[in-house]
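These notes concern the structure reproduced below.
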Amino acid sequence: MKHISALLLFVCFPMHVHAQPRRLTLAETVEAAREQSIASKQALTLKKTNYWKYRSFQADYKPQLSLLGTLPGFTRSYIEVVQPDGTVSFQQVSNNNSLLNLSLSQSLAATGGTIYVQQQLQRFDDFARNNTRYNGIPVEIGFRQPLFRFNPMKWERKIQPLIFQEGNQQFIASLEKVALDATGYYFELLVAQVNLQIAEKNRSNNDTLYKIAQHKLELGKISQNDLLQLQMGLLTAQKDLASANQAAAVATLKLKMFLSSRDERELELEIPMESNEFEIDTRIALDEAFANRSDAIGFRRRLLEAEQEVQLARKENGLNAELNATFGLSDQGIRPADVYVSPQDREFVELKFTLPIMTWGRNKARSEVAKANQEFARQTVEQDRLTFEQEIFTQVTLLQMLQKQVKLTKLADNIAADRYQIAKERFILSDLSVTDLGIATQEKDIARRDFILALRDYWQSYYSLRLLTLYDFEQNRKINY
């Protein structure tokens, strides 16, 4: 009975046990961001959209089978009929004109034309006269060909594959951008947590030293001014601790929101050491960037689009013509089978053209505008290409410098920590002034923060170079997902 009562008490009044914090490394954070962040999901959606757009483009150049119909085509009305003497009479009509057309067509990208084969059956019901007739085309081959005109299909087959490649590389770049952003949020929280650790340690140390100083004052080993200085240090440490707590809470929320994480546990971040030092050949970095980045593919696309506009202005400003030709069989009768018994030849040839004669310089102006736009596009691409190369060169140089910077700040952090420990022990032994102890404390804190900030700059530069080249220099391979 006692056990049951204890169990009920435990259920009704559960103990509040704080969950263990969730430990995270930088690599785990980056991987989680690539898998579950909103930004990564948006990138995947854009990749799917790009894929289906390209599939739609490819489908346009494959044979198209379509069925067109009018079922029914009923009319009951009065129509105007001109009589032999020129007068007008309105007569009642009541009929149904139904049509079915089965067509197989194929676009010809090389010429911009279309070839097609079709079959057609038409039924006409005259209800006023109780009469039904059929008309049909058992088979017909047709050809439509623009002459002396701009061929959009030819240019689409050049440009659309580049757009598709751009979209694929933009997806990879988007995931690398997610990694870079995740690194930023990670270090924002890590810096906040390090500041919190420093603040907690400083508060604890200042509290201890203040108590020791009170005892020394009683013994006459320090002045009242030194005691007040230590008391101010303790108050400052307490304020810094409250501020650090708030900054850590805000940074935690930002990181969790970016990762789309609903885990309510506290995050405990590990300090990521720099990766193994590796050499980066600037020439390789440039070559990989031009081979992998969507921007480099975009340079070619933009030049092609500018050339396309020039060709469009030239072709559409001169002689435009279109040739339509068909050959087939057709017949009519009172039954559907009559259409297929002894069909007769059916031919149609048409050449339509437009020739501008007087345009008051409009055609030349359009051509010159297109040429000027093409030249401007070349200049813009050239400038973007130089900026592109400069970004790669700068990032390679920066990463190599930061690899050395991290080692130096790490060494300074260790030295400052050892110096503070010595200063603290000397103060306790009354061999060091309060001022010198404060200087050692500041140097320790600054060195620790500088080391964490150097790591942040290094890892952000590391992921920035991956983003700019879409190349993994540690593994010596292209980045792909």
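The values are calculated or read from the model by the stated rules, or taken from the named source; none is laboratory data. Quick caveat, the model's predicted, so the values are computed rather than measured. Cβ sites come from the backbone with ideal geometry, for glycine too, and all protein chains shown count toward neighbours. SASA here: full protein model, heavy atoms, side chains in, ligands and nucleic acids out. Shrake-Rupley method; radii C 1.70, N 1.55, O 1.52, S 1.80 Å.
The Cα-based radius of gyration and maximum Cα-Cα distance (Dmax) for the range 256-401 are 31.5, 91 Å.
Across the cross-link table entries K177/K404; K211/K239; K154/K177; K53/K478; K239/K404; K47/K158, which are compared at the Cα atoms, the separations over 27 Å belong to K154/K177; K239/K404. The residues of the range 281-377 expose on average 63 square angstrom of accessible surface per residue, using a 1.4 Å probe on protein heavy atoms. Share of carbon and sulfur in the accessible area of the chain stands at 56%, probe radius 1.4 Å.
Annotation for the range 85-104 versus the range 427-481: alpha-carbon center distance of 86 Å. When log10 I(q)/I(0) by the Debye sum over Cα atoms at q = 0.08, 0.09, 0.13 Å⁻¹ is calculated for this entry, the matching label among (i) -0.51, -0.65, -1.34; (ii) -0.63, -0.76, -1.16; (iii) -0.81, -0.91, -1.25 is (iii).
Electrostatic bookkeeping for R23 treats Lys and Arg as +1 and Asp and Glu as -1; over the other residues with beta carbon under 14 Å from its beta carbon, the sum is -3. The helix-based estimate of mean residue ellipticity at 222 nm for the chain, built from -39,500 (n - 2.57) per DSSP H run of four or more residues and divided by its residue count, is -21500 deg cm²/dmol to the nearest 500. Only Lys, Arg, Asp and Glu carry charge here, each on its Cβ (+1 for the first two, -1 for the last two); on that basis the range 239-317 has a dipole of about 560 debye about its Cα centre.
So what's the net charge close to E443: Lys and Arg +1, Asp and Glu -1, counting the other residues with Cβ under 12 Å from its Cβ? Net charge in that neighbourhood comes out at -1. For F299, neighbours were defined as the other residues whose beta-carbon sits under 15 Å from its Cβ, and their charges (Lys and Arg +1, Asp and Glu -1) total -2.
Its relative contact order, with pairs defined as Cα atoms under 8 Å and 6+ residues apart, puts the chain at 19 percent. Show log10 I(q)/I(0) for the range 367-481 at q = 0.20, 0.22 Å⁻¹, two decimals, from a solvent-free Debye sum over equal Cα scatterers. The computed values of log10 I(q)/I(0) come out as -1.02, -1.11. With the cut-off at 1.5 for a/c, could you classify the range 112-164 from its C-alpha gyration tensor as rounded, prolate or oblate? Note, shape of the range 112-164 comes out prolate.
A simple charge model with +1 on the Cβ of Lys and Arg, -1 on the Cβ of Asp and Glu and nothing else charged puts the dipole of the chain at about 600 debye relative to its Cα centre.
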